[in-house]
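Okay, structure first, notes after.
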Amino acid sequence: MSTPTVESAHPSEVMIRLEGVQKTYVSRDGARHVAVSDASMTVNSGDLVSLVGPSGCGKTTLLKILADLHDADEGMIEIGTAEHPFEPGRDVGMVFQQSLLLKWRRIIDNVMLPAEIIGLPLREAREHALHLINMVGLTGYENKYPYELSGGMQQRVAIARALVHNPKLVLMDEPFGALDAMTREKMNLELLRIWEESRKTIIFVTHSIQEAVFLGSHCAVLTSGPARMADYFPIDLPYPRTLDMKVTEPFGVYTKHIYKLLGMA
Ligand code: ADP
Ligand code: MG
């Protein structure tokens, strides 16, 4: 897309390089299904990349490749640098569409889970967990159980949990997809605030074009049939973003571009 180059919100080093990444699933009867093809992008540390596309276009597959849960069949994947090597087990935090909190654990103990699994020193991790609970606006809820919180609050807990082990990369797979529209807009603003504060690199999957443009410093558009990355471009809208930006002309230019790529305009 012919947009001016955007200054990264947190200018820094290259964190992820994908070049021509491809993944094909082969079913038991031998049928082949190309889930991701020709995915190429360069992500700087501190970027917030929206990954947008229709259901089934390979968004989750691409996240799984980044999390090292799946191998790609072809292409180049580089995450981290020689100076800052990347270890998927420790350096990835994930947030899913459902909060997936353990219902028998209090909020603080849910947030602590990754730290316990990795074996971090518990006292420091607990302090960090309390800081994160504060950052997601849930101070006072530490000792509650998940059922005592609303859906939006549970997703905030999931975000805090994804950050507790201080990962370099946060992968979010439609994290607000199950929320009502107004809660979702509030959570978008919250996420931007948390991103500014934590300075994490975030890959955010959504099938909402509006959400992709509103959040992203960059946007990758995936299409299905055949699966491919149709475009990857910076979103040159200033931060902090405000909801009224959604009705501005530049915002509309980006959404229209994505609609066109998806064959909807
Ligand atoms: P999205 O997250 O964009 O909805 P996915 O990455 O989950 O898409 O899936 C992409 C395509 O690959 C879909 O058509 C899906 O049915 C197929 N797929 C996903 N996971 C598997 C799997 N483990 N085995 C076979 N096919 C799969
Ligand atoms: Mg998915």
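Computed from the coordinates by the stated procedures, all read-outs in this text should not be read as laboratory data. No experiment lies behind these values; they were computed from the predicted model shown.
Expressed in nm to one decimal, what extension gain is obtained for the pair TYR239 and ALA181 from 0.36 nm per residue of sequence separation less their Cα-Cα distance? Each step should come with its number before you reach the end.
Numbers: separation 58, 0.36 × 58 = 20.88 nm, distance 2.18 nm.
Here the segment from TYR239 to ALA181 would lengthen by 18.7 nm.
Once you have the alpha carbon radius of gyration of the stretch 46-115, what is it after dividing by 2.2 N^0.38 Å, with N set to its residue count?
1.37
Looking at the square roots a ≥ b ≥ c of the eigenvalues of the Cα gyration tensor of the chain, which shape do they give, rounded for a/c under 1.5, prolate if a/b is larger than b/c, or oblate?
The shape class here is prolate.
From the gyration tensor of the Cα coordinates in the stretch 118-159, what semi-axes in whole Å does the equivalent ellipsoid have, largest first, with each one equal to sqrt(5λ)?
Working through the eigenvalues yields semi-axes of 20, 10, 10 Å.
Going by a ≥ b ≥ c, the root eigenvalues of the Cα gyration tensor, does the stretch 129-247 fall in the rounded group (a/c under 1.5), the prolate group (a/b larger than b/c) or the oblate group?
It is prolate, given that a/c is not under 1.5 and a/b is the larger ratio.
Could you go through the stretch 172-180 in sequence order and give the Karplus-derived ³J(HN,Hα) for each residue, using 6.51 cos²θ - 1.76 cosθ + 1.60 with θ = phi - 60°, rounded to whole Hz, and x for Gly and Pro?
Those phi angles translate into 10, 9, 6, x, 10, x, 9, 9, 5 Hz.
How many lysine pairs in the chain, separated by 8 or more positions in sequence or lying on different chains, have Cα atoms less than 13 Å apart?
Lysine pairs meeting both conditions in the chain amount to 5.
With viscosity set to 1.306 mPa s at 10 °C, what whole-number translational diffusion coefficient in µm²/s follows for the stretch 64-208 from Stokes-Einstein and a Kirkwood radius over Cα pairs?
So the translational diffusion coefficient is about 101 µm²/s.
So if each residue of separation counts as 0.36 nm, and I subtract the Cα-Cα distance between HIS33 and ILE118, what length gain in nm does that give?
So the chain would gain 27.1 nm between HIS33 and ILE118.
Report the antiparallel proportion of the DSSP beta bridges in the chain as a percent, rounded to a multiple of 5.
55
Helix 249-261 versus the longest principal axis of the chain: what is the Cα-based angle in degrees, 0 to 90, to the nearest 10?
The angle comes out near 70 degrees.
Using Cα centres only, tell me the gap between the stretch 214-265 and the stretch 91-135 in whole Å.
32
Could you tell me the largest-minus-smallest coordinate of the C-alpha atoms of the stretch 10-150 on each of the three principal axes, in descending order and whole angstroms?
Cα extents, longest axis first: 49, 41, 27 Å.
For the chain, what does the helix formula give at 222 nm: sum of -39500 (n - 2.57) over DSSP H segments with n ≥ 4, over the residue count, nearest 500 deg cm²/dmol?
My calculation for the chain gives -10000 deg cm²/dmol from helical runs alone.
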